[in-house]
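Enquirer: First the structure, which I've put down as structure tokens, then a few questions once you've had a look.
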Amino acid sequence: MIDWKQINTVLLDMDGTLLDLNFDNHFWKEFVPLKYAEKHGISIVAAKQQLEPQFKSMEGKLEWYCLDYWSDVLALDIAGLKAEIAGLIAVLPHVTEFLEKIRQSPKRVLLVTNAHRDSVDLKMEKTCLQPFFDEIISSHDFGLPKEQPDFWERLQQQHAFEKQSTLLIDDSLAVLNSARQFGMAYLISVSRPDSKQPKKETGDYPAIEDFRELMSGL
């Protein structure tokens, strides 16, 4: 799928690419509504009806990924709630083998995520993946989500890389589309970001179900 000799820099998403999106889906779709319902003395069904439009309105915006924003809006300790169910945080199959192998190569490996720094810190603490990366970058550092092509301009300015020799692996089609618009040469999607859900549509991007598919020739 990839001619690794052409790749100098690898940009890896976190949630749904390296880590099982089941944690985040359960957190936002079930656990937050439960805590919101308890706080307001309403049913979980009513809580979901109130929360879903709020969540939907922020998709693709930096606020959607900002724990401080949701803590203020919902009057809940979102970072604290994430820590409560941190036992659900899991690395997707064969990710660690891939990271171990790529670290043996001369390629730069950057974790590039929309996740808030508090979420990144919690997940790195739970998974111990931090040593595999040359840099860990949150889109909050730039004030723009990865869905915006200008994000990639800012990333390139601060962490110099060549578009023609850089690979991005991400489960979000909106993110892949913005990276394509920026001119990134190598783009791969993840078809099974949530282990509890069936494979998802990946558009016209080459897609992997797990990282074994990329280890040949690495």
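Readers should treat all values here as calculations from the given coordinates under stated rules, not as data from a laboratory. As the structure is a computational prediction, the values presented were derived from the model and not from experiment. Positions of Cβ are generated from backbone atoms using ideal geometry, with glycine treated the same way; all protein chains shown enter the neighbour counts.
Enquirer: Please work out the FRET efficiency for the pair Ala185 and Glu59, using the Cβ-Cβ distance as r and a Förster radius of 30 Å; give the result to the nearest 0.05.
Expert: Once rounded, the FRET efficiency stands at 0.65.
Enquirer: With respect to the cross-link table entries Lys48/Lys146; Lys35/Lys56; Lys56/Lys82, which display a Cα-Cα separation exceeding 23 Å?
Expert: Over 23 Å apart, Cα to Cα: Lys48/Lys146.
Enquirer: What nm value, rounded to one decimal, do you get for the distance between Glu100 and Gln130 when each label is placed 7 Å out toward the C-beta?
Expert: For Glu100 paired with Gln130, the spin-label model returns 2.1 nm.
Enquirer: Sticking with this one: From Cα pairs below 8 angstrom and at least 6 apart in sequence, can you work out the relative contact order of the chain, rounded to a whole percent?
Expert: With pairs under 8 Å counted, the relative contact order is 29 percent.
Enquirer: Right, another one. In the neighborhood of Asp15, defined by Cβ-to-Cβ distances under 12 Å, what is the net charge if each Lys or Arg adds +1 and each Asp or Glu adds -1?
Expert: -3
Enquirer: Lys196 label point, 7 Å along Cα→Cβ, cut-off 18 Å on backbone N: hits in the stretch 65-102?
Expert: 81-93
Enquirer: Let me ask something else about it. Apply 1/(1 + (r/R0)^6) to the Cβ-Cβ distance of Ala75 and Asp121, taking R0 = 30 Å, and write down the FRET efficiency to the nearest 0.05.
Expert: Rounded to the nearest 0.05, the efficiency is 0.85.
Enquirer: Helix 117-127 versus the longest principal axis of the chain: what angle, 0 to 90°, nearest 10, using Cα atoms?
Expert: Helix 117-127 sits at roughly 70 degrees to that axis.
Enquirer: State the label only: which of (i) 81, 43, 36; (ii) 58, 32, 31; (iii) 65, 36, 27 corresponds to Cα extents along the principal axes in Å computed from the shown model?
Expert: Of the listed options (i) 81, 43, 36; (ii) 58, 32, 31; (iii) 65, 36, 27, (ii) comes from this structure.
Enquirer: Mind listing which GluC sites (Glu not before Pro) in the stretch 149-213 are in a DSSP loop and have 11 or fewer other Cβ atoms within 10 Å?
Expert: Those that pass, being in a loop and sparsely packed, are Glu162, Glu201.
Enquirer: By how many nm would the segment from Val109 to His26 grow when fully extended, if each residue of separation counts as 0.36 nm and the alpha-carbon distance is taken off?
Expert: Full extension from Val109 to His26 adds 27.0 nm.
Enquirer: If the reach is capped at under 21 angstrom between alpha carbons, list the lysines near Lys199, excluding any in the same chain fewer than eight residues apart.
Expert: The qualifying lysines are Lys29.
Enquirer: With θ set to phi - 60°, apply the Karplus curve 6.51 cos²θ - 1.76 cosθ + 1.60 along the stretch 155-168 and write out the HN-Hα couplings as whole Hz, x wherever there is a Gly or Pro.
Expert: 4, 5, 5, 8, 9, 3, 8, 8, 4, 6, 10, 10, 10, 10
Enquirer: With a cut-off of at most 16 other beta carbons within 10 Å, and DSSP calling the residue loop, which chymotrypsin sites (Phe, Trp or Tyr not before Pro) in the stretch 121-218 qualify? Please list them.
Expert: Sites meeting the loop and neighbour criteria: none at all.
Enquirer: Here is a follow-up. Suppose R0 equals 30 Å; then what is the FRET efficiency for Leu34 and Asp150 from their Cβ-Cβ distance, rounded to the nearest 0.05?
Expert: Here the calculated transfer efficiency is 0.25.
Enquirer: Additional query: Give me the tail of P(r) for the stretch 23-87 as a percent: Cα-Cα pairs with distance above 15 Å.
Expert: Everything past 15 Å amounts to 50 percent.
Enquirer: How many angstrom lie between the C-alpha centres of the stretch 64-137 and the stretch 182-209?
Expert: So the separation of the two Cα centres works out to 19 Å.
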